[in-house]
1. Just to verify a number: what accessible area does residue 89 come out at with the full protein assembly present, 1.4 Å probe, Å² rounded to tens?
2. Send over the Kirkwood Rh of segment 1-56, from the inverse of the averaged 1/r over different Cα pairs, rounded to one decimal Å.
3. Using bins 10 angstrom wide from zero, how does P(r) for the chain break down, in % of all Cα pairs?
4. Ignoring ligands, DNA and RNA, what accessible area per residue does the chain give at 1.4 Å, in Å²?
5. In the full protein assembly as shown, how much of residue 77 is accessible to a 1.4 Å probe, in Å² to the nearest 10?
6. Can you figure out the FRET efficiency of residue 82 with residue 43, using R₀ = 25 Å and their beta-carbon distance, to the nearest 0.05?
7. Please find the FRET efficiency linking residue 122 to residue 69, where r is the Cβ-Cβ separation and R0 is fixed at 22 Å, and quote it to the nearest 0.05.
8. Just for the chain, what percent of DSSP beta bridges are antiparallel, to the closest 5?
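The values are calculated or read from the model by the stated rules, or taken from the named source; none is laboratory data. Values in this document were obtained by computation on a predicted structure and should not be read as measured data. So basically every Cβ, Gly included, is an ideal-geometry build from the backbone, and we count neighbours across all protein chains shown. We work out accessible area using only protein heavy atoms, side chains counted, and drop any ligands, DNA or RNA first. Shrake-Rupley method; radii C 1.70, N 1.55, O 1.52, S 1.80 Å.
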Amino acid sequence: QVQLAESGGGSVQAGGSLGLSCSSSGRTFSNNAVGWFRQSPGKEREFVASISWNGGSTVYADSVKGRFTVSRDRSRVYLQMNTLNPEDTAMYYCASARGSYSGRTSSGYTYWGQGTQVTVSS
């Protein structure tokens, strides 16, 4: 079992930056890809970014490409968010992928954190 926990959310003005962190307890997620997803009220959960188990490959949603950067070290996965806009307001979740999956589909991820809120004001 893997328990994930996100941290680093908060409130920021448009154009600002925030950094999120995802840690694991229980069994490590060091051998799995990790994804970031987000969900705002009334909308479906959407893919934001993912990083392969060794950090060698990253994937981004078009809406965040060039503004967000996903990275990882041995124990945490990070999401650096720059040039935030109000459309980025959402609950952000990290998730550990099943097997060798590292794509955009939420069903490919087994373990999920509780989420951290990001609010961007105009």
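1. Surface open to solvent at residue 89 totals about 40 Å².
2. Values: mean 1/r = 0.0753 Å⁻¹.
Evaluated on segment 1-56, it is 13.3 Å.
3. 15, 51, 29, 5, 0
4. Working: 6160 Å² over 122 residues.
Result: 50 Å² of accessible area for each residue.
5. Result for residue 77: roughly 0 Å² accessible.
6. Working: r = 22 Å, r/R0 = 0.89.
Efficiency computed from Cβ-Cβ geometry: 0.65.
7. 0.40
8. 90
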